[in-house]
């Protein structure tokens, strides 16, 4: 049968004409159904190579070499946009102009940011690299360059953070309901916790008590307590992230309160444990946090940018860089489960040279 530029051959496994005809009909129906479902007929199609890529990444996830989130995001982009455009094409037929056409069409249809478009290109390149590895390609075509403008995330100055804490502490005494949920001391603890850990809000929403260990170190005849967190849904490879000592104090207060409420067990969530739908839990966290920002008149920074839950993480990183003593940026990046490049582009761009002038002038 001639399908998509090539002959598909299968043995009927019989010398009986009637059985052979039935086999041929079944093969024909199977191939047509697969075409409708956008399932690859040939091994050298973009679709087939994409499936190989996902299986390879699944193996890396299973062996702990890669975070599951990356594979999930790649699969979403493939299914929603990339495969409908490239899926039936042979990888050798994909050209730079086709990739340009895809980016132009996608950017117009969905109005995506340059950063998101770049992520689509990364997935396409990964599939073509898989094709190259399997011998279906001799080289990967040149990819278009997408100009990206970094937008540093807003953070809280020390005075703004103090004001936010003060206002949020008072909210729990007012019996205020936001999106059907009463604002309690939990949002205050979330803010203080978020300012003293370095993981993302998307990790905090999934944080269970089993993911946290209270560490006690002896330093200069003093015992210092802090937390060791294994972020359950990190963008990168799962690894340990250590916190500031204040986070340990907040966590112990949270656990004590939750134990009295019937929560606080190993499998219970650390924040809003009564909400099993964690996407919804994050929505409630976000809305209550935004309510506190509005009450404190801190919704926007001085450049007019909206603050979000991520501003807590951004502030935590900024404080370590500005207030810490001889902070090693590589160690800070590893502990925040990100890269030095990300820190420089998005988190530390507010820090002027004069903020670290003492280090700049220092000698060994």
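Computed from the coordinates by the stated procedures, all read-outs in this text should not be read as laboratory data. Everything numeric in this text was worked out from a predicted model, so none of it was measured. Every residue, glycine as well, gets a Cβ built from its backbone with ideal geometry; the counts of neighbours run over all protein chains shown.
What number, in percent, do you get for the relative contact order of the chain if the mean sequence gap of Cα pairs under 8 Å and at least 6 apart is divided by its residue count?
So the answer I get is 16 percent.
Taking the Cα centroid of segment 181-200 and of segment 275-332, what is the distance between the two, rounded to the nearest whole Å?
Here the two parts' Cα centres lie 10 Å apart.
Tell me, in nm to one decimal, what length is gained between residue 279 and residue 177 on full extension, where the rule is 0.36 nm per residue of separation less the Cα-Cα distance?
Gain on extension, residue 279 to residue 177, equals 34.8 nm.
Does segment 158-361 come out rounded, prolate or oblate, given a ≥ b ≥ c as the square roots of the eigenvalues of its C-alpha gyration tensor, rounded meaning a/c under 1.5 and, failing that, prolate meaning a/b above b/c?
oblate
Can you tell which of 223, 59, 95 shows the greatest fluctuation in a Gaussian network model of the chain with Cα springs below 10 Å?
Among 223, 59, 95, the largest mean-square fluctuation in the Gaussian network model of the chain belongs to 223.
Multiply the residue separation of residue 21 and residue 222 by 0.36 nm, subtract the distance between their alpha-carbon atoms, and state the gained length in nm to one decimal.
63.9 nm
If I build a Gaussian network model for the chain, linking alpha-carbon pairs within less than 10 angstrom, which residue out of 247, 20, 336 has the largest mean-square fluctuation?
Largest GNM mean-square fluctuation: 20.
When a footprinting reagent is the concern and you count Cβ atoms within 10 Å, what order do 343, 164 take, fewest first?
Lowest to highest Cβ neighbour count: 343, 164.
I need the P(r) histogram for segment 38-133: all alpha carbon pairs, bin width 10 Å from 0 out to the longest distance, whole percents.
Per 10 Å bin, starting at zero, the Cα-Cα P(r) for segment 38-133 comes out as 16, 49, 30, 5 percent.
Starting from a Cα-only point model with no solvent, please compute log10 I(q)/I(0) by Debye for the chain at q = 0.09, 0.10, 0.15 1/Å.
Here log10 of I(q) over I(0) equals -0.69, -0.81, -1.34.
With the Cα gyration tensor of segment 214-325 giving a ≥ b ≥ c as the square roots of its eigenvalues, does the rule (a/c under 1.5 for rounded; else a/b larger than b/c for prolate; else oblate) give rounded, prolate or oblate?
oblate
Quickly estimate the mean residue ellipticity at 222 nm for the chain, helices only: each DSSP H run with n ≥ 4 gives -39500 (n - 2.57), and the total goes over all residues, rounded to 500.
So the calculated ellipticity at 222 nm is -15000 deg cm²/dmol.
To the nearest 0.05, what FRET efficiency results for residue 59 and residue 163 with a Förster distance of 56 Å applied to their C-beta separation?
Computed FRET efficiency for residue 59 and residue 163 comes out at 0.70.
With a 10 Å cut-off between alpha carbons and a GNM built on the chain, which of 61, 178, 197 moves the most?
Of the options given, 178 has the highest mean-square fluctuation.
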